[in-house]
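**Q** Here it is, the structure in full.
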Amino acid sequence: MITKLDDTISIIDTMALGQPKFVAAYLISGKEKALVDMGFESSATQVIEDLEGSGVARDELDYLLPTHVHLDHSGSCGTLAKNFSRASVRVHPKGEPHLEDPTKLWKAASELFGSKLMEPYGMPKPIDRKRLRIIGDEETITLGKSVTLRSLWTPGHASHHLSYLIEEKALVLTGDAIGTNYPDFPVLIPTTLPTRSNSTYR
């Protein structure tokens, strides 16, 4: 389900694991369009249907912007990149290898959470390196119609975490940088992963 907040921002409920209001993606629209975060691989069909249902054709999505490469934020990125073949995929340099080849990330996450828990999430699809573009701290993406995104390096939850400031609205899409907020639960939940200095999942 997609909810249009205004002419710039729409929220996509990815229906993660069949649950509403669990994992969101954000469609940011100017003259060009960007999708910030995209949910699990198992949510890819839902996200594609919502984008197309809102009028975003296969050649009209310009950017895929995962805040970080954890599976609930970038798991469907490979499938979306295949379906929206014009979209430029922007990612922090530490995240790039895991979008190109997600097997190491999948293995590390399986060791951390257990392979049985991982199955419903879906294994991410690899993305051709030619589609990937590095983005770091304080870089801008101009979407047109007075809509500018600025990347902000926000490590903590993950060393490669980026948030995105919509400059004209002074609004930040924070991914997991400041915690998780569930609509029916009035407490901000920290999203710090278990500490493992050698963990790929960090």
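**Q** For HIS68, which of the numbered conditions (1) in a loop (DSSP other than H, G, I, E, B); (2) touching a Leu at 6+ places or on another chain (Cβ under 8 Å); (3) under 21 Å from LYS169 (Cβ atoms); (4) of a type outside the set (Ser, Thr, Tyr) fails to hold?
**A** (3)
**Q** If LYS116 satisfies every condition in (1) among the basic types (Lys, Arg); (2) free of Cβ contacts under 8 Å to residues at least 24 places away in the same chain; (3) in contact with a strand residue (DSSP E or B) (Cβ under 8 Å, 6 or more places away or on another chain) but one, which is the exception?
**A** In the conditions (1) among the basic types (Lys, Arg); (2) free of Cβ contacts under 8 Å to residues at least 24 places away in the same chain; (3) in contact with a strand residue (DSSP E or B) (Cβ under 8 Å, 6 or more places away or on another chain), LYS116 misses (3) alone.
**Q** Testing GLU60 on (1) closer than 24 Å to ASP137 by Cα; (2) acidic (Asp, Glu); (3) outside any helix (DSSP H, G or I), one condition comes back false. Which one is that?
**A** (1)
**Q** Shifting gears a bit: Please state which one of LEU105, LEU132 is modelled with pLDDT of 95 or more and closer than 19 Å to CYS77 by Cβ.
**A** Numbers: LEU105 fails: modelled with pLDDT of 95 or more.
Criteria check complete, one pass: LEU132.
**Q** Right, another one. What number of residues within segment 2-46 satisfy the criterion of being in a loop (DSSP other than H, G, I, E, B), surrounded by fewer than 20 Cβ atoms within 10 Å (Cβ to Cβ) and at negative phi?
**A** So the answer is 9.
**Q** Only one of THR200, THR154, THR191, THR174 is touching a strand residue (DSSP E or B) at 6+ places or on another chain (Cβ under 6 Å), modelled with pLDDT under 80 and not aromatic (Phe, Trp, Tyr). Can you tell me which?
**A** On the way: THR200 fails: touching a strand residue (DSSP E or B) at 6+ places or on another chain (Cβ under 6 Å); THR154 fails: modelled with pLDDT under 80; THR174 fails: modelled with pLDDT under 80.
It is THR191.
**Q** What is the residue count in segment 48-72 for residues that are surrounded by 24 or more Cβ atoms within 10 Å (Cβ to Cβ) and out of contact with any helix residue (DSSP H, G or I) (no Cβ under 9 Å at 6 or more places or on another chain)?
**A** Number of matching residues: 1.
**Q** I've got another one for you. Quick one: how many residues across segment 147-174 are over 30 Å from GLY18 (Cβ atoms) and either among the charged types (D, E, K, R) or more than 16 Å from the chain's Cα centre (by Cα) (or both)?
**A** 7
**Q** From the list GLY95, GLY144, GLY122, GLY136, exactly one residue is surrounded by fewer than 14 Cβ atoms within 10 Å (Cβ to Cβ), within 18 Å of the chain's Cα centre (by Cα) and small (Gly, Ala, Ser). Which is it? Talk me through it step by step, then tell me what you get.
**A** On the way: GLY95 fails: surrounded by fewer than 14 Cβ atoms within 10 Å (Cβ to Cβ); GLY144 fails: within 18 Å of the chain's Cα centre (by Cα); GLY122 fails: surrounded by fewer than 14 Cβ atoms within 10 Å (Cβ to Cβ).
One residue alone meets the criteria, GLY136.
**Q** Would you be able to tell me the number of residues in segment 8-40 that are in contact (Cβ under 8 Å) with a residue 60 or more places away in the chain and either among the small types (Gly, Ala, Ser) or under 12 Å from LEU143 (Cβ atoms) (or both)?
**A** Residues in segment 8-40 being in contact (Cβ under 8 Å) with a residue 60 or more places away in the chain and either among the small types (Gly, Ala, Ser) or under 12 Å from LEU143 (Cβ atoms) (or both): 10 in total.
The values are calculated or read from the model by the stated rules, or taken from the named source; none is laboratory data. Keep in mind the model is a prediction, meaning the values are calculated, not measured. Virtual Cβ from ideal backbone geometry, glycine too; neighbours counted across all protein chains shown.
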